[in-house]
Amino acid sequence: MRGQEDGSTKPIEIRGGLIAEPGRISSVDPEETTQWEQVAPRKIEMTDWARFQGYMREIFSTFGMTLNSPATERTPERYLKALYDATAGYEGDPKLLTAFPTECRCDPDCFIAQLIEGPISFYALCEHHALPFHGFAYVGYVAHERIIGLSKLTRLVRLLARRFTVQERLSQQIGDALADLMDPHGVAVHLEAVHLCTQMRGVREEHSKTVTTVWRGGYSEIPELRREFLAEVRNRNPWT
Ligand SMILES: [Zn+2]
Ligand SMILES: [Zn+2]
């Protein structure tokens, strides 16, 4: 599994017969598998990279950048690499995330314990402008027969965020992924973000935050769960 250590560039075979590039697997601990984050590596040919760099050189220089200084010579290449990394979420599939059994027998206690995780910082690119929106996610759930590890919640949020997306869809996708994976009694997702496409240009609403909240299952029916979740979100808000 650690092919990169001997300098080999051969693809590594991972569980389920999936093939990953050397150096792309960050963890091999079976309790902390990340294979679901790298099931669909994007293949971009060297000739395509070279052509894309040409496009970026043309755009940057037309817009006013001096491209022949030591600092900017490789900017088109670095820019594309950064954009590629910022959209790495397309390489994973949350459907492949594994859940673990709990001891829930669905007695009345089942509905009492809500688990709230957050703030989870995230960075996404808005699909209208390809500019970043970033902020914090809070996830709540009332587990039933399955749970996922807490660190997986953070990974899941970031996997879905590192794409071209919109905040509403991102919130829905996080909620849907958790509902599918855990079949819980309820899921709550709350995102607060600032959008650079409005801050850097256009209306320049520099201090406005966009808030989206998604309720699934018990949260839609039980106001107390929603109140408890939102109170906890307010308590933990790193922006206030
Ligand atoms: Zn239950
Ligand atoms: Zn935008």
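Below are the figures for this structure:
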| item | result |
| --- | --- |
| Stokes-Einstein D for segment 60-106, Kirkwood Rh over Cα pairs, 37 °C, 0.692 mPa s (µm²/s) | 222 |
| Fraction of accessible area attributable to carbon and sulfur, segment 83-146 (%, probe 1.4 Å) | 58 |
| Net charge of Cβ neighbours under 12 Å - reference residue 50; Lys, Arg +1; Asp, Glu -1 | -1 |
| Accessible area per residue in Å² at 1.4 Å probe, computed on segment 83-191 | 43 |
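The values are calculated or read from the model by the stated rules, or taken from the named source; none is laboratory data. These figures come from a predicted structure and were not determined experimentally. Cβ atoms come from the backbone with ideal geometry, glycine included; neighbour counts cover every protein chain shown. To get the accessible areas, we keep the full protein, side chains included, count just its heavy atoms, and leave off ligands, DNA and RNA. Shrake-Rupley method; radii C 1.70, N 1.55, O 1.52, S 1.80 Å.
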